[in-house]
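The values are calculated or read from the model by the stated rules, or taken from the named source; none is laboratory data. The structure displayed is predicted, hence computed values, not measured ones. Cβ placement follows ideal geometry from the backbone for every residue including glycine, while neighbour counts extend to all protein chains displayed.
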Amino acid sequence: MFRLASLYGACFALAACSTGGVVDCEAARPVASEGWARESLTAQAMGAAYFRLSNQGDCPAVLTGASSPLAASVGLHESREENGVARMRPVERVEIAPGRNIDFAPGGLHLMLSGLERSLAAGEQLPVMLSFEDGPDLELTISIEEAGAR
């Protein structure tokens, strides 16, 4: 009888500690850094911005969008080569695992700036707000660089 009671107690303790297969984590902690964009040509209403996104939390962070007061819209986009042809497509979300970095860089993921209010000049700063699925928005400052700087 004592063994049966011990077995039930052990089963109850395991059930109480079980997460049902769901990973229990505290929070995502996204950090954006190293933001930059190339200066734009006169009357150019489009541009691209690049940066590094890190997740210093213990839950995945999911980037779902972005905005800027100087652009009509800011989209998540990805460039890639398919069958020898460079293509760009919108991306709905970018998930970053805990402890990982994702570089938004030329030829890959980037922010597509559409409907710019004015040309972007080298030395200026462009404010961007990054939106996440769970958690607060994150402000990122994009430094505008000369066209041939990188």
Report task. Name every residue in the range 54-66 that is surrounded by fewer than 16 Cβ atoms within 10 Å (Cβ to Cβ) and under 13 Å from the mean Cα position of the chain (by Cα), in order of residue number. Result -> GLN56, THR64
Query raised in the report: Quick one: how many residues across the range 123-145 are touching a residue at least 24 places away in the same chain (Cβ under 8 Å), outside any loop (DSSP other than H, G, I, E, B) and touching a Ser or Thr at 6+ places or on another chain (Cβ under 9 Å)?
Result: 11
Query raised in the report: Yes or no: GLY148 assigned to a loop (DSSP other than H, G, I, E, B), more than 13 Å from the chain's Cα centre (by Cα), among the small types (Gly, Ala, Ser) and more than 12 Å from ALA66 (Cβ to Cβ)?
Result: yes
**Report entry** Check on GLY47, touching a residue at least 24 places away in the same chain (Cβ under 8 Å), part of a strand (DSSP E or B) and touching a Ser or Thr at 6+ places or on another chain (Cβ under 9 Å)
**Finding:** yes
Requested in this report: Filter the range 25-53 for residues that are surrounded by 13 or more Cβ atoms within 10 Å (Cβ to Cβ), of a type outside the set (A, V, I, L, M, F, W, C) and under 15 Å from the mean Cα position of the chain (by Cα) and give the result.
Outcome: ARG29, PRO30, GLU34, GLY35, TYR50, ARG52
Report summary line: In the range 70-112, residues that are within 15 Å of the chain's Cα centre (by Cα), of a type in the set (A, V, I, L, M) and in a strand (DSSP E or B) total 8
Report summary line: Reported set for the range 1-44 where residues are modelled with pLDDT of 50 or more, outside any strand (DSSP E or B) and of a type in the set (A, V, I, L, M, F, W, C) is VAL22, VAL23, CYS25, ALA27, ALA28, LEU41, ALA43
